[in-house]
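**Q** My structure is below; once you've seen it, I'll send some questions.
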Ligand code: ATP
C-alpha cells in the first residue's frame, strides 16, 4: 500500500488529483465513487431466510414434536405424523416471515443512524453520507466526529484523535499537518494521518482522503466486521427463563401422567401422545416470535415519531422512564439564535431583524447608531464575527441559513447587519491561531493579524468566564482600567438580559506583541472587555404541551444547561419545567456536594445551570441512586459517559456528534424534546401490548392444560388430541396475538405513573387474570366435551371440544385487549387488525371442520346444527364472563 505520511501536502493533492481549497467537483466525486465503490467496511451477512428456517427447528419443543411425529409414523399413524410435520412447517414459515421482516426493519435502523461527513466539494462545505466519500475528497473534522476515511491531514487546530481501536493506546494523539520523515513509523506515530473509525476528541482539522472502505488501515484489520450481536430485552430474557421453567415442569407432569395411565393399564402410546399434548398445551410456542415482531413494529412507529432506537432493550426501559433530563439549547428551544440586545459599558443598543436574515438596525434610545463611525460597537461586532467558525449561506430555498453553531451564526449575522461581511473580515484579519470552544472552558479565542500588521486576540464566551480574565474595558476607542463599578454594571446587565431569557456572550480582546507567545494561558489573560451580546432562542412550540403530558404521566422533566441560571430559569418557567419553590443548582454548587447531599438535592431540582458535561454523569448517578429511571440527552463528545450511564441515553440526530450517537440508546431525528415524550409513550404502549398477548396466549394455554388434566383426573377419555392443540396454539392463536401487539393505546396510557422496571411480567393482577380466565376456558371445553360424550358419542365430544376451544380462544383475544376496561368502552372495532385476525383464524378453523380431507387429518366428524349451536353459544361465554370480572373490578391492577 502506498504511504502518505512521508509526502508533502502538495504531493498528496497532486497524487489524489484534488484541490485543497475547492475539493473535488460533485461530478468527479460521483465518477470516483463508481470506481472505488462505497466507503464501507465489508460486513458479515445476516442470516439467510433458509438459515432462519433451520434455526426454527433448534427449539427444544419443536424437537420433541418432531420426535413424536417419528414415533407416530413408526407405530403406523402416518396421517398424524404428516399433520404434525405440516403444522411445524407452517409455523416455521410464519416464523421466518416474521423474523425476516423484523430483522430487515432493525437493520434499516442502523442505516438511518449511520454517520455523515463534512466535505468540501465544488468549493462549498456540505454534509454527505460517510459511505459516499472517495479518495481525493477534502474532509473537515470536528470534535466528536468519527474519522470517516483514512486522511492525510492538511491543517489542524489543536486536533487530538483517540486511536485505541487501531493502536490500543487510549490517550488521544496530538495531530500535525507536517511531513514525517521517519522510516516506516507505526500507526500511532503517523501524526499527520487520521484513520477511519478513530475518534476526534478535541479541536478541528482538515485532510485529503487517501483511502476508503476496505482500502483503509481499519479495513486491513477488519476483513469482515462482525455484526454486533443483538441484545435481548429484559422481557425477552424473562420470557426465555419462564419458557425453560415451563418446559421442565411440563416434562415432569407429562412423566407423571404417562406413569399414571400406564399403571391404570391404558395403552402406552395413547398416554405418550397425551403427555405430548400437555407439553404442547403448556408452552406458549408463538410468544417469542410475537415479542420480536411487536418490538420491531414498535421501533418502526417510533421512527415516524422522530426517534431511532439503537438498542432494542431501550424500548422497554423507555416505558418505565421516571425522569427526563434534557439539554436546553436545541432540544427545548429552536436553536435559532438572533442577537437582540448589545451592551457596551454605559450603553444599551437594540438590534432589529429576525432569524438569519442580515438585515436590521442598531437602535440606541430612539436613534439609529452609525456602525461605521462607532468604534466600540464596530470592534465588538468584528471581534464576535472573527472569533467564530460559523458561515452565513443560503439554503436550498435560497433563504439565509448558517453552517455551524447557531450561537456563532447569530454573531455573524449581527456583524453583517452593520455591513461587516465575514468574507471581508477574514481577508483583512488573517487568523493565525485558534483555541476552540468547548463546553468545559465555555469560551473560545482566536489570534489574528490586523490590516496594519499587528497581532490581536479576540475572545468570546460565558460572561463570568470572560469577566474573570479582564483587566480593562474599552470606551470611545480608549482602554480604561476595569474598576469594581464597571464590573458591577456589567454583571448587573448580564443578569438583566438573562432574566429576559436571553443567552449572553461576552466579547473581549487583547493586543499581543508579536507571534512569539501564543500560548493559551497568555492569550486568555489580561483581556480588555468590549461588550455583551444577548440573543434570543425561542422555545419550541410543542414543548410546553409535552412537559404537561410528562407531568401527568408521573415523569419529571428536568433542564440541564451550560447557560446562566437566570436565562435557564426564565425559559424553564415559560415551558412549565420550573415552578416557584423548585431548586436550581449550578455546576459549581454540584461540585461541592457529597454524594448524600447530591442525592437529596436531585430530588427537588428542576434546573441545572452552568453545567459542564462531566457534571451530567454525576447527576445521572445521583438520580439512579434514588431509584429513578433516567433518560438523559446529549450531543457532544464529553456527553458520551453520561449517555452511557443513563438508563436511556438520548443523542441529538442533527447537532449530535458521532460519539454521542454511538453512546446513545436512542437518537432523535429532530432534536426535539417532544419526540422523547412520544418515544416514552410508544414505549409504554409496546410494553402494555406485549402484556396483552402474553395474557392472551397464557390464558389459552392454561385453559388447555386444565381441560386435559381434569379429564385424566376424573377418568374421562382424552378430550383433545395433540395435533388439535398444536393447530390451535401454532396457527389459529398466532394471528390474534400479533394483532394484540398493535392494539391502540389505552386511553389512560399517559395518565398513570411509570411502571416499576423491576416488576415481573405477572405484576399487578396479571397472574390472577390468566388463571381465572384460563380456568373458565378449560372448564368450558371440558363441559362441552362431556355433553358431547354423554349425549352423543366420543368423536362428537372430541370434535365439539376442539371447536369450542378454538372459538372461545378467539373470543378471549377480545378480552385480552384490556384488563380493566370493558371491550365496549374501548370500542369493538377500534382494533381492526384484531377483527381481521379473528376472522382469518375463524375461517381456518371452519376449514378444518368442514373440508373432508382436513376432517380426516384432524380426526373431527361433521357436527349437526344443534351441536354447532351449542359450540358457538358456549364459545361466546368468555366475553360476558370477563366483562363481569372487569365490572366487579376483580381484574383491575392496583
Ligand atoms: P445546552 O443548553 O444544550 O446544555 P448550552 O449551549 O447552554 O447547551 P454549552 O454549549 O456547553 O451549553 O455552552 C456553555 C456556555 O458557553 C454558554 O452558555 C455560553 O455562555 C458559552 N458558549 C456557547 N457557545 C459558545 C461559543 N461558540 N463560543 C464561546 N462561548 C460559547
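The values are calculated or read from the model by the stated rules, or taken from the named source; none is laboratory data. Everything numeric in this text was worked out from a predicted model, so none of it was measured. We place every Cβ from the backbone using ideal geometry, glycine too, and count neighbours over all the protein chains shown.
**Q** Could you check region 602-614 and list, in sequence order, the residues that are part of a helix (DSSP H, G or I) and free of Cβ contacts under 8 Å to residues at least 40 places away in the same chain?
**A** The initial filter retains those residues of region 602-614 that are part of a helix (DSSP H, G or I), namely 602, 613-614.
Across region 602-614, the qualifying residue is only 602.
**Q** List every residue pair whose Cβ atoms lie under 6 Å apart, where the two residues are 6 or more positions apart in sequence or sit on different chains, the first residue falls within region 392-406 and is more than 12 Å from the ligand (Cβ to nearest atom), and the second residue, located anywhere, is part of a loop (DSSP other than H, G, I, E, B) and at pLDDT below 85.
**A** 401/395
**Q** Separate question: Mind telling me which of the residues 544, 568 ends up being away from the ligand (no atom under 16 Å from the Cβ), farther than 15 Å from residue 465 by Cβ and not assigned by TED's automatic domain parsing to the domain that holds residue 450?
**A** Values: 568 fails: away from the ligand (no atom under 16 Å from the Cβ).
Result of the check over 544, 568: 544.
**Q** Quick one: which of 506, 553 is surrounded by 20 or more Cβ atoms within 10 Å (Cβ to Cβ), under 40 Å from the mean Cα position of the chain (by Cα) and away from the ligand (no atom under 14 Å from the Cβ)? Before the answer, list the steps.
**A** Working: 506 fails: away from the ligand (no atom under 14 Å from the Cβ).
It is 553.
**Q** What are the residues in region 363-391 that are away from the ligand (no atom under 16 Å from the Cβ), crowded, with 16+ Cβ neighbours inside 10 Å and modelled with pLDDT of 90 or more, if any?
**A** 369, 374, 376, 377, 378, 379
**Q** How many residues does region 608-635 hold that are buried (at least 24 other Cβ atoms within 10 Å of the Cβ) and away from the ligand (no atom under 11 Å from the Cβ)?
**A** Looking only at that region, the number is 6.
**Q** May I pose another question? Select the strands (runs of 3 or more DSSP E) contained entirely in region 119-224, then report the ones holding at least 1 residues which are more than 29 Å from residue 34 (Cα to Cα).
**A** Working: elements: 124-129, 138-142, 150-162, 199-211.
Those strands (runs of 3 or more DSSP E) span 150-162, 199-211.
**Q** Within region 419-436, take every residue that is touching a strand residue (DSSP E or B) at 6+ places or on another chain (Cβ under 7 Å) and in contact (Cβ under 8 Å) with a residue 24 or more places away in the chain and give me the one that is surrounded by the fewest Cβ atoms within 10 Å (Cβ to Cβ).
**A** The qualifying residue surrounded by the fewest Cβ atoms within 10 Å (Cβ to Cβ) is 432.
**Q** Which residue out of 560, 585 is more than 23 Å from the chain's Cα centre (by Cα), at pLDDT 90 or above and within 16 Å of the ligand (Cβ to nearest atom)? Write out each step before concluding.
**A** Numbers: 560 fails: more than 23 Å from the chain's Cα centre (by Cα).
Only one candidate qualifies: 585.
**Q** Now a separate question. When the residues of region 636-650 are narrowed to those that are surrounded by 19 or more Cβ atoms within 10 Å (Cβ to Cβ) and over 23 Å from residue 319 (Cβ atoms), which ends up farthest from the ligand (Cβ to nearest atom)?
**A** Ranking the qualifying residues of region 636-650, first place goes to 640.
**Q** Also, I was wondering about something else. Looking only at region 149-176, which residues are touching a residue at least 40 places away in the same chain (Cβ under 8 Å) and in contact with a helix residue (DSSP H, G or I) (Cβ under 8 Å, 6 or more places away or on another chain)? Step through it out loud before you land on a result.
**A** We begin by selecting, within region 149-176, every residue touching a residue at least 40 places away in the same chain (Cβ under 8 Å); these are 149-161, 165-166.
149, 150, 152, 154, 165, 166 - these are the residues of region 149-176 that are touching a residue at least 40 places away in the same chain (Cβ under 8 Å) and in contact with a helix residue (DSSP H, G or I) (Cβ under 8 Å, 6 or more places away or on another chain).
**Q** Anything in region 587-607 that is over 14 Å from residue 626 (Cβ atoms) and in contact with a helix residue (DSSP H, G or I) (Cβ under 6 Å, 6 or more places away or on another chain)? List them, or say none.
**A** Residues satisfying the conditions are 587, 590, 607.
**Q** Still on this structure: Taking only region 4-39 into account, find how many residues are outside any helix (DSSP H, G or I), surrounded by 12 or more Cβ atoms within 10 Å (Cβ to Cβ) and touching a strand residue (DSSP E or B) at 6+ places or on another chain (Cβ under 9 Å).
**A** 13
**Q** Just one of the numbered conditions (1) within 16 Å of the ligand (Cβ to nearest atom); (2) more than 17 Å from residue 517 (Cα to Cα) is not true of residue 430; which one?
**A** Of (1) within 16 Å of the ligand (Cβ to nearest atom); (2) more than 17 Å from residue 517 (Cα to Cα), only one is false for residue 430: (1).
**Q** Suppose we filter 818, 841, 875 for residues that are in the same structural domain as residue 785 (by TED's automatic domain parsing), at pLDDT 90 or above, under 48 Å from the mean Cα position of the chain (by Cα) and assigned to a loop (DSSP other than H, G, I, E, B); which single one remains?
**A** On the way: 841 fails: assigned to a loop (DSSP other than H, G, I, E, B); 875 fails: assigned to a loop (DSSP other than H, G, I, E, B).
Criteria check complete, one pass: 818.
**Q** Tell me, yes or no, whether region 437-450 has at least one residue that is buried (at least 19 other Cβ atoms within 10 Å of the Cβ), more than 38 Å from the chain's Cα centre (by Cα) and either within 10 Å of the ligand (Cβ to nearest atom) or not assigned by TED's automatic domain parsing to the domain that holds residue 562 (or both). Let's see the steps before the verdict.
**A** Let us first name the residues in region 437-450 that are buried (at least 19 other Cβ atoms within 10 Å of the Cβ), namely 437, 442-448.
Those left that are additionally more than 38 Å from the chain's Cα centre (by Cα): 447-448.
In the following step, the residues that additionally are either within 10 Å of the ligand (Cβ to nearest atom) or not assigned by TED's automatic domain parsing to the domain that holds residue 562 (or both) were identified as 447-448.
Yes.
**Q** Name the single residue that is surrounded by the fewest Cβ atoms within 10 Å (Cβ to Cβ) among those in region 451-479 being more than 16 Å from the ligand (Cβ to nearest atom) and within 28 Å of residue 566 (Cα to Cα). Working first, answer last.
**A** In the first step, residues of region 451-479 are kept if they are more than 16 Å from the ligand (Cβ to nearest atom); the result is 451-456, 471-479.
Keeping just the survivors that are within 28 Å of residue 566 (Cα to Cα) gives 471-475.
Numbers: 471: 14, 472: 18, 473: 26, 474: 20, 475: 17.
The selected residue is 471.
**Q** If residue 693 meets every condition in (1) surrounded by 23 or more Cβ atoms within 10 Å (Cβ to Cβ); (2) in contact with a strand residue (DSSP E or B) (Cβ under 8 Å, 6 or more places away or on another chain) apart from one, which number is that one?
**A** Residue 693 satisfies all of (1) surrounded by 23 or more Cβ atoms within 10 Å (Cβ to Cβ); (2) in contact with a strand residue (DSSP E or B) (Cβ under 8 Å, 6 or more places away or on another chain) except (2).
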